[in-house]
Amino acid sequence: MVLSGVLIGLLGVLLVRAGNPGNMGVCVACFVRDIAGGLGLHRAAPVQYLRPEVSGFILGSFLIALVSREFRVRGGSSPLPRFFIGFAVMVGALVFLGCPLRMLLRLSAGDLNAFIGLFGFIAGIGAGVFFLRRGFSLGRSYSQSAGNGFILPSIALILLLLVVVAPVYIYFSDSGPGSLRAPFLISLAAGLLVGSVVQRSRLCQVGCFRDLLLVRDPHLLYGSLAIFASALSLNIFFGYFSLGFGGQPVAHTAGLWNFLGLAVVGLGATLLGGCPLRQTVMAGEGDTDAGMAFLGMLAGAALAHNFGLAASPAGVPLTGQVGAALGLLFLLVIGFTFSPSQAKIFLRGGLASER
């Protein structure tokens with residue numbers, strides 16, 4: 001767990017050194033957003049590129065799962081709710097401007113806006129734990145035919161091919177975060193490494209706080225602490241560390257929305273059973289339910305930019321604030337609906353009032 005965290009933390013800074021945007025060496029939300037733009041699902045020109053890292057996450061997990069005989073194709077656990085939970089998670093992440101992993105990388109570079117986001121993230125996980133303690137479940141998954149598990153890895157391969165061929169119908173940013181990218185082979189190699197180690201270690205930024213709150217188990221927390229410590233060391237070494245709120249790369253100083261954006265991510269990812277990176281890796285190892293969450297995140301990224309929900313360094317637009325609030329409300333409704341004990345309390349209260 002610790003070695004996995006150290007490796008991911010180092011790669012998160014080394015990819016910035018190789019050309020990725022500042023404090024964005026690895027970010028599932030940002031990279032999926034760029035892929036949505038590269039495919040033409042949104043027209044925000046500064047964030048369009050088929051990031052090879054994401055294909056690497058999926059294929060690294062897929063290959064190591066095959067080798068270790070852990071490739072198990074399963075699914076059927078509330079696929080439609082999972083799609084829309086993934087959608088809400090992406091909206092929350094783009095209001096904060098990053099996934100939980102980028103939150104750690106931003107913290108390791110001195111971005112105090114991410115520190116506010118951390119409290120929101122923990123608060124969202126705490127709300128998810130509240131529902132878990134009351135029986136929340138999206139239902140049981142079942143074994144499926146092997147073909148289902150090969151779909152997302154095949155898509156990952158196609159995305160890599162499109163980056164290499166660069167047909168005219170694929171979009172590549174000429175400026176902005178999408179134009180800042182490490183060389184293709186370095187990005188792919190880093191993605192394969194991250195996908196492999198996360199598949200083996202089960203490292204998860206949501207799981208570390210969930211397990212700590214739910215069963216007092218700090219095991220997964222060690223991985224997140226290792227990410228922070230290794231990234232902090234390398235940021236200081238390269239001179240990237242800058243403590244403060246203002247002037248941070250691809251970040252805004254709207255504290256309330258940094259808090260609420262990651263609260264949405266924390267709650268949604270707890271209901272899904274893993275952070276965006278963990279969902280992506282699980283999708284590679286044959287979990288089609290995680291694949292639905294991943295597709296929901298892709299759709300959420302497209303809508304967030306098409307309808308002006310995503311934040312920018314200038315702040316969070318009103319539409320983004322409304323989107324985050326509606327996402328939080330939606331997740332609370334899902335948490336209530338799929339928690340049998342909470343539903344029974346509500347029904348009893350309603351019957352009592354009718355009497």
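The values are calculated or read from the model by the stated rules, or taken from the named source; none is laboratory data. Remember, predicted model here, so these are calculated numbers, not experimental data. Don't worry about glycine lacking a Cβ; one is built from the backbone with ideal geometry, like all the others, and counts go over all protein chains shown.
Brief remarks on what is shown
- Restricting the first member to segment 184-212 and to residues that are without any contact (Cβ under 8 Å) to a residue 40 or more places away in the chain and within 24 Å of Leu271 (Cα to Cα), and the second to residues that are surrounded by fewer than 18 Cβ atoms within 10 Å (Cβ to Cβ) and among the charged types (D, E, K, R), the beta-carbon pairs closer than 6 Å and six or more apart or on different chains are Asp211/Asp217.
- Every listed requirement among (1) free of Cβ contacts under 8 Å to residues at least 12 places away in the same chain; (2) in contact with a helix residue (DSSP H, G or I) (Cβ under 9 Å, 6 or more places away or on another chain); (3) among the aliphatic types (A, V, I, L, M) is met by Leu318 save one, (2).
- Residue in segment 156-165 that is over 20 Å from Met292 (Cβ atoms), within 21 Å of the chain's Cα centre (by Cα) and either of a type in the set (D, E, K, R) or in a helix (DSSP H, G or I) (or both) present: yes
- Taking segment 1-41 as the range and being part of a loop (DSSP other than H, G, I, E, B) and within 18 Å of Leu203 (Cα to Cα) as the test, the residues that pass are Met1, Gly25, Val26, Cys27.
- Residue within segment 73-80 that is at negative phi and surrounded by 23 or more Cβ atoms within 10 Å (Cβ to Cβ) present: no
Yes or no, residue by residue, for (1) buried (at least 16 other Cβ atoms within 10 Å of the Cβ); (2) touching a Leu at 6+ places or on another chain (Cβ under 7 Å); (3) of a type in the set (Ser, Thr, Tyr):
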site	(1), (2), (3)
Ser145	no, no, yes
Gly149	yes, no, no
Tyr169	no, no, yes
Asp174	no, no, no
Gly178	yes, no, no
Ala182	yes, yes, no
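- Candidates Leu303, Leu309 - the one that is touching a helix residue (DSSP H, G or I) at 6+ places or on another chain (Cβ under 9 Å) and assigned to a loop (DSSP other than H, G, I, E, B): Leu309
- Considering Leu138, Leu107, Leu161, Leu112, the condition of being at pLDDT 95 or above and either loosely packed, with under 15 Cβ neighbours inside 10 Å or hydroxyl-bearing (Ser, Thr, Tyr) (or both) is satisfied by Leu161 alone.
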